[in-house]
Amino acid sequence: MSERSSVGQVRAWLSARRRFQFVLTVAMVMLLTGTCVGLLMVPNPVLPKLRAAQQSRAESLGQVAAADDDPRLAQVRRTVEPFGQLVTRVVPTGAGQESLIVGHPDQRIEIDVLARELGAATTAVTDLWGPDWAQSALVVVASAPAEFATLLRATTDLPAEVAAASIADPFAPGTRPAAQRVVFSPDAGRRLSPDGLRTLLRHELTHVATRAQTVDGAPPWMLEGFAEYLAHRGQDHRFGDIAPTVTTRARTGELPADLPAAAAFTGKPAVLAYEQAWTICAFVADKYDEPHLVDLYRRIAASTQDPASEDRILQEVLHTTRAEFIADWRAWLSPRAA
Ligand SMILES: [Zn+2]
């Protein structure tokens, strides 16, 4: 094999892998102990270790104050300390707030990547959603499956495909959740590139920001679609990379007949459902504008919905019927998937 063809093969492999990683950035909602948890699905196939690449790209952030007096650290300390020595990063985020990243020394690379990304991720969320949220977060990188599960209050280990989740303590309607955290799985950093970690962080941070306006049981096409839309916004990701399954199907004339139902967001159909949800939000932002997308989120996420109530909200926010909305979305999808 000549060096040139070898390089070509590596390039092709990298390109295929990059495409695959966008497929990985697909999330699902699960109900764990009554709390809405956004989860990101990562397929199981063995992916090459990305630690070396991350090592070279991760900037050393140096020693940062241990934030020992931060109540959020006290909250997770009891859970994470049994799993080893703590590494803590304090990152300035929006509106003079500080965010906290907590993990263990063996996850230092992921911690540094996330520390580097958290400020921009917070800004990205505020840029679309507005400043009415904490604009800071507690991010924890688990180093063991048992630690990951405990941080999410799950009673058993989570499926290996789950790369990250966000969780909130119960809170009264009309108030902000007092405690929320984003938790990354032990092998998220091995399975995702820094770009994938960034997208995943923004997705979960969107759930954190919107939690106070989001009701458990609200349609996941809106919740997950919006988180995906914000996660990919301004990142120069291509349509076919964000929604490869939708693209492949649309090329054979197979367009979604309806908004994806809640049941489609779990198990095998979840990959397609999350991609469709992203396309719905991208369609709204494109045909109307982003303020209309945010308005739609606030109305749809505020309660559980059925087709009649969705129809009412679509008429009030976008002056269209549910049937027309779906028809317009399908028409919008076709040329983009070509
Ligand atoms: Zn999610």
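The values are calculated or read from the model by the stated rules, or taken from the named source; none is laboratory data. Values in this document were obtained by computation on a predicted structure and should not be read as measured data. Glycine gets a Cβ as well: all are built from the backbone with ideal geometry, and neighbour counts include every protein chain shown. Note: areas computed on protein heavy atoms with side chains; ligands, DNA, RNA excluded. Shrake-Rupley method; radii C 1.70, N 1.55, O 1.52, S 1.80 Å.
Which of the following residues is without any contact (Cβ under 8 Å) to a residue 12 or more places away in the chain and either assigned to a helix (DSSP H, G or I) or surrounded by fewer than 22 Cβ atoms within 10 Å (Cβ to Cβ) (or both): 173, 131, 177?
Only one candidate passes the filter, namely 173.
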* residue 136: under 17 Å from the mean Cα position of the chain (by Cα), within 14 Å of the ligand (Cβ to nearest atom) and outside any helix (DSSP H, G or I), yes or no? -> no
Next item on the list: Output yes when any residue across region 191-211 is surrounded by fewer than 24 Cβ atoms within 10 Å (Cβ to Cβ), among the polar types (S, T, N, Q), at pLDDT 90 or above and within 14 Å of the ligand (Cβ to nearest atom), and no when none is.
Entry: yes
By residue number, the members of region 212-241 that are within 15 Å of the ligand (Cβ to nearest atom), among the small types (Gly, Ala, Ser) and modelled with pLDDT under 95 are 217
Filter pass, residue 305 being at pLDDT 95 or above, out of contact with any helix residue (DSSP H, G or I) (no Cβ under 7 Å at 6 or more places or on another chain) and crowded, with 21+ Cβ neighbours inside 10 Å: yes
Picked from region 78-118 (must be in contact (Cβ under 8 Å) with a residue 24 or more places away in the chain, open to solvent by 30 Å² or more (accessible area, probe 1.4 Å) and of a type in the set (Asp, Glu)), the residue nearest to residue 150 (Cα to Cα) is 106
- Query: Residue check: is residue 162 over 19 Å from residue 266 (Cα atoms), open to solvent by less than 10 Å² (accessible area, probe 1.4 Å), assigned by TED's automatic domain parsing to the domain that holds residue 80 and of a type outside the set (Lys, Arg)?
  - Reply: no
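I need the helices (runs of 4 or more DSSP H) fully contained in region 288-338, keeping only those with at least 3 residues that are of a type in the set (Gly, Ala, Ser). I'd like the intermediate steps shown before the answer.
On the way: elements: 290-300, 307-318, 322-337.
Helices (runs of 4 or more DSSP H) meeting the threshold: 322-337.
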